[in-house]
Amino acid sequence: MIEASFISYISLAILLFSIGIMGLISRKNIFIIYMSIELMLNAINIIFVTLSKYFGSMDGQIIAMMVMAIAASEAAIFLSLIVAMYRLKHSVNIDDFNTLKQKDTL
Amino acid sequence: MIDTIFLILSLFALAGAIGMITLSNTMHSALSFLVTVFAIAGLYALLNASFLFMVQIIIYAGAIIALLLFIVMFLNIKEDKLKEPNRYNIMLVVAIILAPVDYLLFQAFLKMPHIGDFSTTLDNFGDVKMLGNELFKGWLVPFEAISVLLLVALIGSIVLARKKERE
């Protein structure tokens, strides 16, 4: 039986982070990529809060709160960028967003 | 009792995450991620972080996912335009590469020094008063920096999403 111990929380966070990396690499839809990044931030937050309880100090929870603030500002910028790029390309495929990529023949 | 709640919440979190990266419809994927966010909020409540539990529900479920769903509905994506034929193969390869890394991380956390009993904490650990005391005594400069960052993000998102005038 799985018990709610320190290493169970850490294992869950590691698994969620790995799922985030899998989604980040394998998908083409930019919304899924964005949500994968958010999932990885959430997994790191779980580790911070678990370590905060483990060491009996509030610092981990404060860092987790700051990560949430950064995630909120990232959401605003990322989604407005998606809207701006969708106006140009009419697509959410990241392969269409390679305007800044260096071409093979310079 | 706590073990059962933890097991159910972590199963919900993992199922939501796997659903998020496998479903092809963006809307279903975002709703699946919402399940994960709520399960993680429950895990914060189990970890004595009552303030972070509320912040997770308000910021993530209330603001970020709602904004994401709004943008997805606003853009009205046709998912048949987006073919991802070999995504399961890539996922399998990434999982095989990540498995030893995850094992090493797990072993590293197992070797951490044992401080005390994980199941018992202080009475008021993680509530708003304790977190606010710590935040405004030891973390004042990062807190102000975060508020400036939020202001910059607010202005930047308006500038980026604005329609250009034709000249």
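The values are calculated or read from the model by the stated rules, or taken from the named source; none is laboratory data. Please read all numbers here as calculations on a predicted model, not as lab measurements. Please note: Cβ atoms are built from the backbone with ideal geometry, for glycine as well, and neighbour counts cover all protein chains shown.
Kindly indicate the residue of the range B:1-17 that is buried (at least 16 other Cβ atoms within 10 Å of the Cβ) and aliphatic (A, V, I, L, M) and also nearest to residue B:36 (Cα to Cα) among those meeting that condition.
B:13
Scanning the range A:42-58 for residues that are surrounded by fewer than 19 Cβ atoms within 10 Å (Cβ to Cβ) and more than 7 Å from every other protein chain (Cβ to nearest Cβ), which turns out nearest to residue B:125 (Cα to Cα)?
Applying the filter and picking the extreme gives A:57.
Could you tell me whether the range B:145-154 includes any residue that is part of a helix (DSSP H, G or I), closer than 28 Å to residue A:56 by Cβ, modelled with pLDDT of 90 or more and of a type outside the set (S, T, N, Q)?
Yes - at least one qualifying residue is present in the range B:145-154.
Restricting to helices (runs of 4 or more DSSP H) lying wholly in the range B:5-115: which have 3 or more residues that are of a type outside the set (A, V, I, L, M, F, W, C) and closer than 24 Å to residue A:70 by Cα?
Those helices (runs of 4 or more DSSP H) span B:26-46.
Does the range A:18-26 contain any residue that is more than 7 Å from chain B (Cβ to nearest Cβ) and touching a residue at least 60 places away in the same chain (Cβ under 8 Å)?
no
Does residue A:19 satisfy the criteria of being within 14 Å of the chain's Cα centre (by Cα) and surrounded by 18 or more Cβ atoms within 10 Å (Cβ to Cβ)?
Considered against the rule, which asks whether it is within 14 Å of the chain's Cα centre (by Cα) and surrounded by 18 or more Cβ atoms within 10 Å (Cβ to Cβ), residue A:19 comes out as yes.
Taking the criterion of being surrounded by fewer than 21 Cβ atoms within 10 Å (Cβ to Cβ), at the interface with another protein chain (Cβ under 7 Å from one of its Cβ atoms) and touching a residue at least 60 places away in the same chain (Cβ under 8 Å), would at least one residue in the range A:62-76 satisfy it?
No, every residue in the range A:62-76 fails to be surrounded by fewer than 21 Cβ atoms within 10 Å (Cβ to Cβ), at the interface with another protein chain (Cβ under 7 Å from one of its Cβ atoms) and touching a residue at least 60 places away in the same chain (Cβ under 8 Å).
Quick one: would you say residue B:148 is within 23 Å of the chain's Cα centre (by Cα) and in contact (Cβ under 8 Å) with a residue 12 or more places away in the chain?
Considered against the rule, which asks whether it is within 23 Å of the chain's Cα centre (by Cα) and in contact (Cβ under 8 Å) with a residue 12 or more places away in the chain, residue B:148 comes out as no.
Residue B:55: closer than 20 Å to residue A:51 by Cα and without any contact (Cβ under 8 Å) to a residue 24 or more places away in the chain, yes or no?
Spelling it out, residue B:55 is indeed closer than 20 Å to residue A:51 by Cα and without any contact (Cβ under 8 Å) to a residue 24 or more places away in the chain.
Could you check residue A:3 against (1) facing chain B (nearest Cβ under 7 Å); (2) in a helix (DSSP H, G or I); (3) surrounded by fewer than 22 Cβ atoms within 10 Å (Cβ to Cβ) and say which number it fails?
Residue A:3 satisfies all of (1) facing chain B (nearest Cβ under 7 Å); (2) in a helix (DSSP H, G or I); (3) surrounded by fewer than 22 Cβ atoms within 10 Å (Cβ to Cβ) except (2).
Filter the range B:34-79 down to residues that are modelled with pLDDT of 90 or more and polar (S, T, N, Q) and give me whichever is farthest from residue B:6 (Cα to Cα).
Applying the filter and picking the extreme gives B:56.
On the given criteria, is residue A:74 acidic (Asp, Glu) and closer than 21 Å to residue B:17 by Cβ?
Here the answer is yes, as residue A:74 does meet what is asked.
Quick check: anything in the range A:51-61 closer than 23 Å to residue B:29 by Cα, touching a helix residue (DSSP H, G or I) at 6+ places or on another chain (Cβ under 6 Å), of a type outside the set (D, E, K, R) and touching a residue at least 12 places away in the same chain (Cβ under 8 Å)?
no
If residue A:34 satisfies all but one of (1) assigned to a helix (DSSP H, G or I); (2) more than 17 Å from residue B:32 (Cβ to Cβ), what's the number of the condition it fails?
Tallying (1) assigned to a helix (DSSP H, G or I); (2) more than 17 Å from residue B:32 (Cβ to Cβ), residue A:34 fails exactly one: (2).
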